[in-house]
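Inspection log for the structure reproduced underneath, given as structure tokens.
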Amino acid sequence: TLVGEFLHRVLEQRPETVILRGRCRESESLPYKALDSAADQLVQYLRALPQADATAMLPRHPTLLARMFPCFRDLDVLAQFPERVDSRGDGQEVRRLAFSALCETFERIADRQPLVISIDDLQWGDLDSIALLAELVVPANAPRLMLILSFRSEDAGTSPPVKLFRTYQARLALPTCWTEVTLAGLDEREGCDLLRSLDTNVSLEEEQLKGMVVESHGSPLFLRELQIGR
């Protein structure tokens with residue numbers, strides 16, 4: 001909700017901003033799942049452009065994009081480009097070229113418009129996604145974009161994707177480029193204020209409100225559920 005509100009305000013102030021949002025789901029098992037939804041939105045954005053503009057956004061070897069994300073095959077303009085990379089070659093080299101192609105696409109978009117990529121529930125991501133996200137923040141290749149990553153703090157020490165990203169993050173020459181925001185539970189006053197502000201016909205006493213805040217550990221989501229249950 002916090003990220004969604006931030007992105008809403010970004011669009012209010014800069015309507016031309018391109019925002020790509022992704023989310024990892026625990027039940028999904030697919031390559032690069034952290035960026036799968038964002039790739040779908042990127043394809044929709046490119047399809048909405050005049051063909052000449054969409055072509056200008058594509059990398060030197062655009063067919064590589066479809067290697068990672070099949071949704072790029074829906075781009076009619078992609079058919080104009082021959083396959084120039086031998087798929088029988090070294091897999092790691094093909095992956096490196098594909099990563100570079102996606103970074104190049106983001107860079108071309110960012111040259112024209114502000115670009116924000118937001119990924120939620122990173123703790124359920126996959127290691128290939130983390131390797132790709134690292135390409136977006138390594139200074140040698142990094143496009144000029146804002147990358148927002150969110151994950152559950154209780155999983156930070158055990159989630160392989162989060163631990164791997166922390167490793168990449170520690171290698172950055174400019175660690176100050178990161179701003180880390182930790183969300184704690186609401187305190188008693190904040191929790192009671194939230195409960196009072198919710199659209200409800202249920203009238204609760206002050207002690208009931210305080211009890212619900214304690215029971216929910218200050219989680220706005222749990223407070224809402226408790227309020228509905230009353």
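The values are calculated or read from the model by the stated rules, or taken from the named source; none is laboratory data. Worth saying up front: this structure is predicted, and the values here are computed from it rather than measured. Here the Cβ is made from the backbone with ideal geometry for all residues, glycine too, and neighbour counts use every protein chain on show. The accessibility values were calculated without ligands, DNA or RNA, using every heavy atom of the protein model including side chains. Shrake-Rupley method; radii C 1.70, N 1.55, O 1.52, S 1.80 Å.
In segment 203-230, what residues are closer than 21 Å to Arg152 by Cβ, outside any helix (DSSP H, G or I) and open to solvent by 80 Å² or more (accessible area, probe 1.4 Å)?
His217, the sole residue that qualifies.
Going by the conditions given, is Arg9 over 26 Å from Pro160 (Cβ atoms) and without any contact (Cβ under 8 Å) to a residue 12 or more places away in the chain?
When the stated conditions are applied, Arg9 passes them.
Which of the residues spanning segment 106-155 are in a helix (DSSP H, G or I), among the hydroxyl-bearing types (Ser, Thr, Tyr) and either open to solvent by 10 Å² or more (accessible area, probe 1.4 Å) or without any contact (Cβ under 8 Å) to a residue 40 or more places away in the chain (or both)?
The answer is Ser153, and nothing else.
Where residues in segment 2-24 are surrounded by 11 or more Cβ atoms within 10 Å (Cβ to Cβ) and assigned to a loop (DSSP other than H, G, I, E, B), which of them is nearest to the chain's Cα centre (by Cα)?
It comes out as Cys24.
Can you confirm whether Thr158 is more than 28 Å from Gln13 (Cα to Cα), assigned to a loop (DSSP other than H, G, I, E, B) and without any contact (Cβ under 8 Å) to a residue 12 or more places away in the chain?
Answer is yes for this residue.
Let me confirm something: among Ala101, Ala66, which residue is at pLDDT 85 or above, part of a helix (DSSP H, G or I) and over 20 Å from Ala52 (Cβ atoms)?
Checking each option against the conditions leaves just Ala66.
Out of the residues in segment 25-49 meeting the condition of being open to solvent by 80 Å² or more (accessible area, probe 1.4 Å) and not charged (D, E, K, R), tell me which one is farthest from Asp126 (Cα to Cα).
Filtering segment 25-49 for residues open to solvent by 80 Å² or more (accessible area, probe 1.4 Å) gives 25-27, 29, 31, 44, 47-48.
Restricting the remaining residues to those that are not charged (D, E, K, R) gives 27, 29, 31, 44, 48.
On the way: Ser27: 12, Ser29: 9, Pro31: 7, Gln44: 24, Ala48: 30 Å.
Checked segment 25-49; the qualifying residue farthest from Asp126 (Cα to Cα) is Ala48.
Would you confirm, using the coordinates I've provided, whether Arg84 is over 21 Å from the mean Cα position of the chain (by Cα), at pLDDT below 90 and open to solvent by 50 Å² or more (accessible area, probe 1.4 Å)?
Against the criterion (over 21 Å from the mean Cα position of the chain (by Cα), at pLDDT below 90 and open to solvent by 50 Å² or more (accessible area, probe 1.4 Å)), Arg84 qualifies.
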